[in-house]
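Novice: Before I ask anything, let me first share the structure, which is written out below as structure tokens.
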Number of protein chains: 4
Amino acid sequence: MEHGTQDAGGHVGYAGDKSEIVKRLKRAEGQVRGIQRMVEDDTYCIDVLTQVSAATKALETVALQLLDDHLAHCVAEAAREGGDVADAKIREASAAIARLVRS
Amino acid sequence: MEHGTQDAGGHVGYAGDKSEIVKRLKRAEGQVRGIQRMVEDDTYCIDVLTQVSAATKALETVALQLLDDHLAHCVAEAAREGGDVADAKIREASAAIARLVRS
Amino acid sequence: MEHGTQDAGGHVGYAGDKSEIVKRLKRAEGQVRGIQRMVEDDTYCIDVLTQVSAATKALETVALQLLDDHLAHCVAEAAREGGDVADAKIREASAAIARLVRS
Amino acid sequence: MEHGTQDAGGHVGYAGDKSEIVKRLKRAEGQVRGIQRMVEDDTYCIDVLTQVSAATKALETVALQLLDDHLAHCVAEAAREGGDVADAKIREASAAIARLVRS
């Protein structure tokens with residue numbers, strides 16, 4: 001339950017994109033580590049800022065992929081079942097979208 | 001209200017919130033007009049900027065409400081029907097969310 | 001132009017760009033009014049959202065222009081004078097940038 | 001030149017905040033690594049998204065601090081010198097702000 005079966009259609013919306021998402025996150029982690037080195041080496045502020053913007057965009061791309069998967073699987077499934085569960089799922093998704101738009 | 005059929009379960013997701021959304025948009029329009037006057041009166045840059053940020057936030061709030069309504073009605077309905085239409089609706093909603101996050 | 005003294009070196013950073021900024025704001029106001037009509041006409045949610053994103057971007061462009069003018073004139077002038085006034089101007093500009101990034 | 005002298009008033013705007021910025025970046029790196037583990041453990045989409053929003057905000061805070069330091073030191077210094085260098089520095093800072101607002 002914890003593993004394996006998930007990639008073959010588990011309970012999380014991003015199950016099918018899991019390895020791609022992990023790869024993107026590893027790259028974002030590398031970007032953040034690279035920014036640390038830039039700061040330690042006294043790299044010019046604007047060049048550091050450019051890399052911070054790039055890392056922020058990389059995380060946003062991950063968020064949008066997670067959200068797309070969540071809508072396509074979890075929310076769609078809840079909508080098919082209907083009722084209170086469906087309403088709760090949509091409210092929850094809207095709240096996550098709001099956090100993303102405002103972050 | 002006037003478009004009875006719309007408010008009583010029309011074809012747009014925001015039918016039930018229509019008058020509230022129009023009210024918010026009127027307020028945002030008034031804010032933008034107020035910013036014009038501030039600029040014409042040579043108001044200090046930072047005070048103008050504060051109002052531009054406020055108007056931007058007001059539009060974002062409208063966008064988040066439209067999106068929530070769209071998920072709760074149009075996307076949920078398509079999900080219940082399933083098939084290609086459901087997939088297309090979710091892809092379309094994800095693209096709208098991406099535009100919003102990146103704007 | 002009409003307010004000669006302002007455009008020819010007024011006290012606001014955007015004095016030289018005033019007519020362009022007002023023009024942009026008028027266009028943004030028209031966009032917001034257009035969105036109201038779309039909502040009143042029960043336009044499809046996603047099409048309304050696309051226009052809200054466009055109006056938000058238009059306001060952001062105005063904000064970035066105001067900020068650029070403010071840095072180039074007010075902040076630069078304060079920096080040349082130095083001292084506490086310079087520090088206060090920079091803190092104030094940073095706060096406005098933060099509001100913009102988070103809005 | 002590579003180190004030490006920088007922290008005692010070097011050529012980068014963030015020299016005085018260097019250790020704090022590195023600390024923040026290390027924390028952001030840890031957050032991104034934590035998100036990877038969440039994804040590998042099939043954590044619920046919305047909980048992953050909440051952490052992605054938090055990491056994005058952490059990077060934004062670093063960007064705003066770098067920008068503030070850059071304005072307070074590099075841009076202010078260039079403004080005091082005046083001329084083409086000052087203009088170029090301000091244009092460069094405005095471009096970095098635009099990238100940040102749009103990311």
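The values are calculated or read from the model by the stated rules, or taken from the named source; none is laboratory data. Fair warning: this is a prediction, and the values are worked out from it, not measured in the lab. FYI the Cβ positions are ideal-geometry reconstructions off the backbone, even for glycines, and counts take in every protein chain you see.
Novice: Just the residues that are among the acidic types (Asp, Glu) and free of Cβ contacts under 8 Å to residues at least 24 places away in the same chain, please, taken from the range A:65-103.
Specialist: Correct list: A:Asp68, A:Glu77, A:Glu81, A:Asp84, A:Asp87, A:Glu92.
Novice: Could you check B:Arg24 against (1) away from chain A (no Cβ under 14 Å); (2) over 30 Å from C:Ala88 (Cα atoms); (3) buried (at least 21 other Cβ atoms within 10 Å of the Cβ) and say which number it fails?
Specialist: Single failed check for B:Arg24: (3).
Novice: Considering every residue within the range C:91-100, establish whether at least one is modelled with pLDDT of 95 or more, polar (S, T, N, Q), surrounded by 15 or more Cβ atoms within 10 Å (Cβ to Cβ) and in contact with an Asp or Glu (Cβ under 9 Å, 6 or more places away or on another chain).
Specialist: yes
Novice: Follow-up. Give the range C:28-54 a look and list any residue that's among the basic types (Lys, Arg) and closer than 17 Å to B:Tyr14 by Cα, or say none.
Specialist: The answer is C:Arg37, and nothing else.
Novice: What do you reckon, is D:Ala55 under 27 Å from A:Ala95 (Cβ atoms) and under 16 Å from the mean Cα position of the chain (by Cα)?
Specialist: yes
Novice: Tell me, please, whether a residue that is modelled with pLDDT of 95 or more and within 30 Å of D:Asp69 (Cα to Cα) can be found in the range C:30-38.
Specialist: No: the range C:30-38 contains no residue that is modelled with pLDDT of 95 or more and within 30 Å of D:Asp69 (Cα to Cα).
Novice: Based on this model, can you work out whether C:Lys18 counts as away from chain D (no Cβ under 13 Å), out of contact with any Ser or Thr (no Cβ under 9 Å at 6 or more places or on another chain) and surrounded by fewer than 17 Cβ atoms within 10 Å (Cβ to Cβ)?
Specialist: no
Novice: May I pose another question? Which residue out of C:Asp69, C:Asp84, C:Asp47, C:Asp41 is farther than 29 Å from B:Leu64 by Cα and surrounded by fewer than 18 Cβ atoms within 10 Å (Cβ to Cβ)?
Specialist: Answer to the selection: C:Asp84.
Novice: Restrict the check to the range C:58-75 and report whether at least one residue is at pLDDT 95 or above, closer than 24 Å to C:Val32 by Cα and of a type in the set (Gly, Ala, Ser).
Specialist: So far as the range C:58-75 goes, yes, one or more of its residues are at pLDDT 95 or above, closer than 24 Å to C:Val32 by Cα and of a type in the set (Gly, Ala, Ser).
Novice: What number of residues in the range C:72-81 are farther than 15 Å from D:Asp69 by Cβ and either buried (at least 20 other Cβ atoms within 10 Å of the Cβ) or among the aliphatic types (A, V, I, L, M) (or both)?
Specialist: The number of residues fulfilling the criteria is 5.
Novice: Within the range B:2-11, is there a residue that is in contact with a helix residue (DSSP H, G or I) (Cβ under 6 Å, 6 or more places away or on another chain) and modelled with pLDDT under 95?
Specialist: Scanning the range B:2-11 turns up at least one residue that is in contact with a helix residue (DSSP H, G or I) (Cβ under 6 Å, 6 or more places away or on another chain) and modelled with pLDDT under 95.
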